[in-house]
Amino acid sequence: MNRDTETSRDRTVAAIDLGSQTFRLAIAQVLEDRAQLLASERKNVRLGQGLAVSGRLSEEAIRRGIETLRAFHKVLNRFRTCNVRACGTAALRTARNSREFLDLAEAEGFHVEILSGDEEASISARGVYATLPDIETPFLAVDVGGGSSEFILVGSRGILYSQSLNIGAVNLTEEFLKTDPPSPEELERLRSYIRQRSSDLFAEFPQIPGRIVGVGGTATTLVAIALSMATYEPRRIRGHRLRLHELDGLWDYLTGMKIEARRDIPGLEPRRADIILAGMAIFREILYILRSRELSVSDGGLLLGLLTTLIEKECGNCAKLSYTRGIYL
């Protein structure tokens, strides 16, 4: 086989999701008949920390983000990646000084594309389909991030409705949960605010979804906690169904604990211990409003959606979503 043929059949692509809470990297090799994951990295950066109050990215958050990109760059060089797509979400959409971060990222070799809410929703939906290809429509995918949540209503012919709301695990924590553990009054104000924002949104839906799919770090963490995972196991996460009564039990358990105690819970990353309540509250209120008894969880979402688009582009749209079904991030 000559070099040109090898190059056409063996390409390496990388997707980077610069979230308000977590930066994630996935590198895949595009082969003739499949895609193979080569590396997956994640770093709890908390880029959006303090953003809700100041409207700006803090110097410390920017420093953490750039240091993480430098670490990612070393991984990319190791695998000689030919095509990289780095995308920013809510924190970079809303911060008044996001250009400062973008310029520093550019100096490190990363051209960061800031996704609109609609773009983020569309790409996240691709990631959900890649992990749950047999899901029945209509379904509602809810991607809870640090600074925003994406709501994507998917029908048999594609996306019926999508909207991004600036309710996320980080900004809601900073706005509503001031004491440790949070007081009943704080928790009720949090829940009331989520109900008000999401009820207005659901009133615009053209169809009622038959299933709710949770996407993102909060959703996968809730499964990890429910299954008492000492070590994260993505194969057990994908497609898991959390019953509403399980979420209620977790809510009662976690809201009565201080942050330090939560850090010792199996399945809960220590740096998520302070924001898990706000993220969980979003999912619980959605289930109650839509009268759904369970939350299906996808480990796909934005990062896998980005990776899928790169794979398809690299092989001339020959790769179907089945190419990424065996990829666990």
*asked:* Rounded to the nearest 20 debye, what is the charge dipole size of the chain about its Cα centre when +1 sits on each Lys and Arg Cβ and -1 on each Asp and Glu Cβ?
replied: 480
*For the chain, with +1 on Lys and Arg beta carbons and -1 on Asp and Glu, the positive-most of N77, A169, S98 along the dipole*: N77
*Do the sum for the chain: with -39,500 (n - 2.57) for every DSSP H run of n ≥ 4, divided by all residues, what is the mean residue ellipticity at 222 nm, to the nearest 500 deg cm²/dmol?*
-13000 deg cm²/dmol
*Quick one: work out Rg over Rh on the C-alpha atoms of the chain, Rh as Kirkwood radius.*
0.96
*Loop-located GluC sites (Glu not before Pro) in the stretch 174-220 whose Cβ has at most 13 other Cβ within 10 Å (DSSP)*: E204
_Kirkwood Rh and Cα Rg combined as Rg/Rh, the stretch 133-298_ = 0.95
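Any read-out appearing in this document is the output of simple, stated calculations on the displayed coordinates, not a laboratory observation. Quantities reported herein were computed from a predicted structural model and do not represent experimental measurements. Note: ideal-geometry Cβ built from the backbone for every residue, glycine included; neighbour counts use all protein chains shown.
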